[in-house]
Amino acid sequence: MFYKMIKRARDRWYASPECTVVDLINYMTQKGSLRDAQIEAIKTYLYLKVACNCQSLKKLFCQGTFNTLDLDDLEISKSTREFLKGRKAAAALLEYALLTNEAGDQVSPKLEQQIKKSPESIDYEQVFTDAFYGVSYTDYLFSLPMGAGKTYLMAAFIYLDLYFAINEPTNPAFAHNFIIFAPSGLKSSVVPSLRTIQNFNPAWIIPEPAATEIKRLMSFEVLDQSKTASKSNKTKNPNVQKIANHQPLSELFGLVAVTNAEKVILDRIQESNGQLSFFEESDDDKDRQANELRNLIGKLPALSIFIDEVHHAVSDEIKLRAVVNKWAENGTVNSVVGFSGTPYLEKAEKINVVDKLTVATAEITNIVYYYPLIDGVGNFLKRPVVKISDSADSVHIIENGVREFLDNYKDTVYEGGLVAKLGIYCGKIERIEEVVYPLVSRIVAEYGLSTDTILKFHKGNKQYSIPADSQMQFDILDKSISKIRIVLLVQIGKEGWDCRSLTGIILSQEGDCPKNMVLQTSCRCLRQVVKGMPETALIYLNEFNAEKLNTQLQQQHHISLKEFESGNDKRI
């Protein structure tokens, strides 16, 4: 909810004579290559970089940077008003307490009363320290729904930092080098992320000749090798060599490294009772290699760390934060910038204020920009058509869903020759092989399609091996050469799967995907193919998954299933 205060202050700055980036924003808008969600996120990013000097959220809130509340209009005692005017952190916390969420509920009436009644009873700096997880470095989170173009947004941030850093090389607000952590556990997302950033046209956001000049200065590295160098007497970490090739590091400018944190950065770290061990004194060669890479990255000057698909308080996220904290001790970290479509906590966290008074928050607190899912539906997302089966029979649901998809989308071919595709999630490999594949094969034959249009995509087990060529077929799904129409999946493609031609999803039983990921999984088919075109997608669910989808929409986005289907009608 803190992001609401940031937006108010941001808009005030953009309307003021002090704003120096209006022409740049106007240039991006006139170019028309970015979505409104991306432009708005860039406005916030530039505000935090230029007007706020890329300082930590704790520092900015304590300084009252985002305060817009008129204290003279409040019904409070004279002493409280004087207290609030003299302590900007107190005024900031009061403004936060007065905010309302999407449901119209006030953040904390009890906190409001405590500040008004006894303002001196609160340690405001400690409250903001706790609210932003005790980190001293700059840590911003941008929340945009799936399909908004988060990877392009990363590229835009990188180019903007370098653009300003070239003009002001000694200004600590702007990063000189970048490391991007692709979603943990998704090895296949590393290279596509890098390609997307390399394909980004900087002229969409920066005028020529600066755009081309910056692109020329940049160098890219993929840190994805976990094996040691071959034909070597001494084991070496090839990822270390990739960075070492850019010596002298102290003068390095424009490096963009992309890696999988789980396999590379978090290698050889153990966690026990909340304490992390980096094995820094270990004689083990693999420990030494892993530490060597982490230590080298920690020396990269003016480094901005981008974390895709931030999920708060999961094991790998905790480990990654420990590594980042260690890097930050060197004074080389410019900022940490996170991106997430689902910045919500499984259960609300409590921020202590005074004895017996806490403020509960159900979302990650360091969100600086939030774009609602509903604003994307019908804008840059397909409009969902949600069908809920009253049958408890999974086979019956899949049959009806496949038939409805083929009735509506069998002849749909998008611009660029992409054919519409349906994803069917299954909980187990045996079920795909023994039940779903034979069923779907029979149905597609009735519609005049061959079994070559069906892809079984799973990692195999003792009974069923990985289907031949399945990885290659999966990788080219969004290309015109792919003739696949129906994709059968087991525990794959729940997030980080970018397939615009996916036009339908079936979840026919409990366990087809994790219970807490029904919303993300259902939305996989909503990426828009052609900008500005009215596109639809079919989401076919059993009653259990429909109930979960409705609950998650209400909890995370404060919208109903009906509102989700309607989308933002103003935009259509």
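The values are calculated or read from the model by the stated rules, or taken from the named source; none is laboratory data. Remember, it's a predicted structure, so these values are computed and weren't measured experimentally. So basically every Cβ, Gly included, is an ideal-geometry build from the backbone, and we count neighbours across all protein chains shown. Protein only, heavy atoms only, side chains kept; ligands, DNA and RNA dropped before computing areas. Shrake-Rupley method; radii C 1.70, N 1.55, O 1.52, S 1.80 Å.
Residue check, residue 15 against (1) open to solvent by 50 Å² or more (accessible area, probe 1.4 Å); (2) hydrophobic (A, V, I, L, M, F, W, C); (3) under 30 Å from residue 199 (Cα atoms), all met but one. Which one?
That leaves (3) as the condition not met.
Out of segment 396-429, which residues are open to solvent by less than 50 Å² (accessible area, probe 1.4 Å) and among the aliphatic types (A, V, I, L, M)?
Once the filter is applied, which keeps residues that are open to solvent by less than 50 Å² (accessible area, probe 1.4 Å) and among the aliphatic types (A, V, I, L, M), segment 396-429 yields 397, 398, 402, 406, 418, 419, 420, 422, 424, 429.
For residue 125, indicate whether it is on the phi < 0 side of the Ramachandran plot, modelled with pLDDT of 95 or more, open to solvent by less than 50 Å² (accessible area, probe 1.4 Å) and of a type in the set (Asp, Glu).
In short, no.
Any residue in segment 465-479 that is touching a helix residue (DSSP H, G or I) at 6+ places or on another chain (Cβ under 6 Å) and either under 19 Å from residue 385 (Cβ atoms) or part of a loop (DSSP other than H, G, I, E, B) (or both)?
The answer is no; no qualifying residue exists.
Report yes if residue 432 is assigned to a helix (DSSP H, G or I), touching a residue at least 24 places away in the same chain (Cβ under 8 Å) and open to solvent by less than 10 Å² (accessible area, probe 1.4 Å), otherwise no.
For residue 432, the condition - assigned to a helix (DSSP H, G or I), touching a residue at least 24 places away in the same chain (Cβ under 8 Å) and open to solvent by less than 10 Å² (accessible area, probe 1.4 Å) - is met.
Where residues in segment 388-413 are out of contact with any strand residue (DSSP E or B) (no Cβ under 8 Å at 6 or more places or on another chain) and among the acidic types (Asp, Glu), which of them is modelled with the lowest pLDDT?
That would be 390.
Taking the condition closer than 28 Å to residue 304 by Cβ and among the hydrophobic types (A, V, I, L, M, F, W, C), does residue 84 pass?
No.
I need a count of the residues in segment 57-76 that are under 14 Å from residue 129 (Cα atoms) and open to solvent by 60 Å² or more (accessible area, probe 1.4 Å).
Residues in segment 57-76 being under 14 Å from residue 129 (Cα atoms) and open to solvent by 60 Å² or more (accessible area, probe 1.4 Å): 2 in total.
Residue 55 versus (1) out of contact with any Lys or Arg (no Cβ under 7 Å at 6 or more places or on another chain); (2) assigned to a helix (DSSP H, G or I): which is the lone unmet condition?
Of (1) out of contact with any Lys or Arg (no Cβ under 7 Å at 6 or more places or on another chain); (2) assigned to a helix (DSSP H, G or I), only one is false for residue 55: (2).
What number of residues in segment 136-156 are open to solvent by less than 10 Å² (accessible area, probe 1.4 Å) and assigned to a strand (DSSP E or B)?
4
Can you tell me which residue in segment 451-499 is surrounded by the fewest Cβ atoms within 10 Å (Cβ to Cβ), limited to those that are among the hydroxyl-bearing types (Ser, Thr, Tyr) and within 30 Å of the chain's Cα centre (by Cα)?
This residue is 480.
Taking only segment 94-124 into account, find how many residues are touching a residue at least 40 places away in the same chain (Cβ under 8 Å), of a type in the set (A, V, I, L, M, F, W, C) and part of a helix (DSSP H, G or I).
Counting residues in segment 94-124 that are touching a residue at least 40 places away in the same chain (Cβ under 8 Å), of a type in the set (A, V, I, L, M, F, W, C) and part of a helix (DSSP H, G or I) gives 2.
Can you find a residue in segment 4-19 that is in a loop (DSSP other than H, G, I, E, B), over 18 Å from residue 159 (Cβ atoms), touching a helix residue (DSSP H, G or I) at 6+ places or on another chain (Cβ under 8 Å) and in contact (Cβ under 8 Å) with a residue 12 or more places away in the chain?
Yes; the residues of segment 4-19 include at least one that is in a loop (DSSP other than H, G, I, E, B), over 18 Å from residue 159 (Cβ atoms), touching a helix residue (DSSP H, G or I) at 6+ places or on another chain (Cβ under 8 Å) and in contact (Cβ under 8 Å) with a residue 12 or more places away in the chain.
Any idea which of (1) crowded, with 18+ Cβ neighbours inside 10 Å; (2) part of a helix (DSSP H, G or I) is the one residue 79 doesn't satisfy?
Here residue 79 clears every test but (1).
Has segment 352-371 got at least one residue that is in contact (Cβ under 8 Å) with a residue 60 or more places away in the chain, out of contact with any helix residue (DSSP H, G or I) (no Cβ under 7 Å at 6 or more places or on another chain) and assigned to a loop (DSSP other than H, G, I, E, B)?
yes
Quick check on residue 159: is it without any contact (Cβ under 8 Å) to a residue 60 or more places away in the chain, assigned to a helix (DSSP H, G or I) and closer than 30 Å to residue 175 by Cα?
Judged against the criteria, residue 159 is a match.
Any residue that is within 25 Å of residue 202 (Cα to Cα) and either modelled with pLDDT of 95 or more or not hydroxyl-bearing (Ser, Thr, Tyr) (or both) - is there at least one of those in segment 73-82?
Scanning segment 73-82, I find no residue that is within 25 Å of residue 202 (Cα to Cα) and either modelled with pLDDT of 95 or more or not hydroxyl-bearing (Ser, Thr, Tyr) (or both), so the answer is no.
Quick one: residue 339 ticks every box in (1) under 28 Å from residue 553 (Cα atoms); (2) touching a residue at least 24 places away in the same chain (Cβ under 8 Å); (3) surrounded by fewer than 18 Cβ atoms within 10 Å (Cβ to Cβ) bar one, so which box is it?
Result: residue 339 fails condition (3) only.
Return the pair list, or none, for Cβ contacts closer than 7 Å from residues in segment 247-261 that are within 20 Å of residue 320 (Cβ to Cβ) to residues that are surrounded by fewer than 16 Cβ atoms within 10 Å (Cβ to Cβ) and small (Gly, Ala, Ser), at least 6 apart or on different chains.
Pairs that qualify, where the first residue is within 20 Å of residue 320 (Cβ to Cβ) and the partner is surrounded by fewer than 16 Cβ atoms within 10 Å (Cβ to Cβ) and small (Gly, Ala, Ser), are 255/219.
Return the residues of segment 521-547 that are surrounded by fewer than 21 Cβ atoms within 10 Å (Cβ to Cβ) and closer than 19 Å to residue 346 by Cβ; say none if nothing qualifies.
544, 547
Return only the number of the condition from (1) open to solvent by less than 50 Å² (accessible area, probe 1.4 Å); (2) among the hydrophobic types (A, V, I, L, M, F, W, C); (3) without any contact (Cβ under 8 Å) to a residue 60 or more places away in the chain; (4) more than 30 Å from residue 533 (Cβ to Cβ) that residue 54 does not satisfy.
(3)
For residues that are farther than 11 Å from residue 116 by Cβ and of a type outside the set (Gly, Ala, Ser), tally how many sit in segment 72-87.
6
Which condition does residue 518 not pass, out of (1) free of Cβ contacts under 8 Å to residues at least 24 places away in the same chain; (2) under 15 Å from residue 426 (Cα atoms), if it passes all the others?
Residue 518 satisfies every listed condition except (1).
State yes or no: is residue 106 open to solvent by 50 Å² or more (accessible area, probe 1.4 Å) and modelled with pLDDT of 95 or more?
Judged against the criteria, residue 106 is not a match.
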